[in-house]
Amino acid sequence: MRILVVEDEHKIANSIKKGLEQESYAVDVAFTGDDGYGLASTEDYDLIILDVLLPGINGIEIAKKLRGQQIHTPILMLTAKGQLEDKVTGLDAGADDYLTKPFAFEELLARIRALTRRPKDSLGIIIAVSDLTLNTATYQVKRDNKIIPLSSKEYALLEYLMRHPKQTLTKEQIINHVWDYDADVLPNTVEVYIGYLRNKIDKPFSEKPTLIQTIRGFGYKIGRVE
């Protein structure tokens, strides 16, 4: 998943970025409201972490402008203010949730998981495709009840595929959601990582249906062939 962090305090922004990248998220950072709005309005993100007090356009105005443009990316507002009226203002501007500084990183992760959970996954934290399961809280992946160790990027790619089962995803869509804006992604990078996943998800389970499918000329999808 790809997340945008808009936070003018460099130490906080870089700390969030580092922590989220360790949790397999792709993260872009903007330190001003104008830069944040520019990225949020032109790039495709799964979540925006948005500080209220920013140089240039403030977080409230960014949220209003994005919602006015029919951009419905989930927004998690951050602020040092804890008064009820500030929370109400942020939520009324279009934010989906609100977190007051200082906060525990574990709580930030829990809020992110809640906001990025698709409706069909709302009953739990387990995403399943056939006999393949992915636990978004523990980052544990299993097939046929056997644990499959994955690298951070392999996990991120698999989670994105599993959140869109039986949907053909183009290489561009995958890059936009699994790698951050500054990543040096070569044309065959997606193919390479799809190969890594196949070697762990499909090849060791040759008696089982193949789950990762190549749709030639279009992209990839995950799900059993009907």
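The values are calculated or read from the model by the stated rules, or taken from the named source; none is laboratory data. The structure displayed is predicted, hence computed values, not measured ones. Cβ sites come from the backbone with ideal geometry, for glycine too, and all protein chains shown count toward neighbours.
The residue that is nearest to T168 (Cα to Cα), among those in region 205-219 that are in contact (Cβ under 8 Å) with a residue 60 or more places away in the chain and not hydrophobic (A, V, I, L, M, F, W, C), is P209. Among the conditions (1) of a type in the set (K, R); (2) over 17 Å from the mean Cα position of the chain (by Cα); (3) modelled with pLDDT of 90 or more, the only one that K87 does not satisfy is (3). Among the residues making up region 206-226, those that are of a type outside the set (V, I, T) and farther than 18 Å from E154 by Cα are S206, E207, K208, P209, R216, G217, F218, R224, E226.
Filter region 1-38 down to the residues that are of a type in the set (D, E, K, R), over 14 Å from I112 (Cα atoms) and touching a residue at least 60 places away in the same chain (Cβ under 8 Å) and list them by number. Matches in region 1-38: E7, D28. V52 fulfils the conditions (1) modelled with pLDDT of 95 or more; (2) touching a Gly at 6+ places or on another chain (Cβ under 6 Å) except for a single criterion, (1).
Could you say which residue among L197, L211, L157 is of a type in the set (A, V, I, L, M, F, W, C), buried (at least 20 other Cβ atoms within 10 Å of the Cβ) and more than 22 Å from E21 (Cα to Cα)?
Working: L197 fails: more than 22 Å from E21 (Cα to Cα); L157 fails: more than 22 Å from E21 (Cα to Cα).
Checking each option against the conditions leaves just L211.
Listed here are the residues, each with its yes/no results for (1) within 21 Å of N199 (Cβ to Cβ); (2) under 15 Å from the mean Cα position of the chain (by Cα).
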| position | (1), (2) |
| --- | --- |
| F103 | no, no |
| E106 | no, no |
| A114 | no, yes |
| Q140 | yes, no |
| K153 | yes, yes |
| L157 | yes, yes |
| M162 | yes, yes |
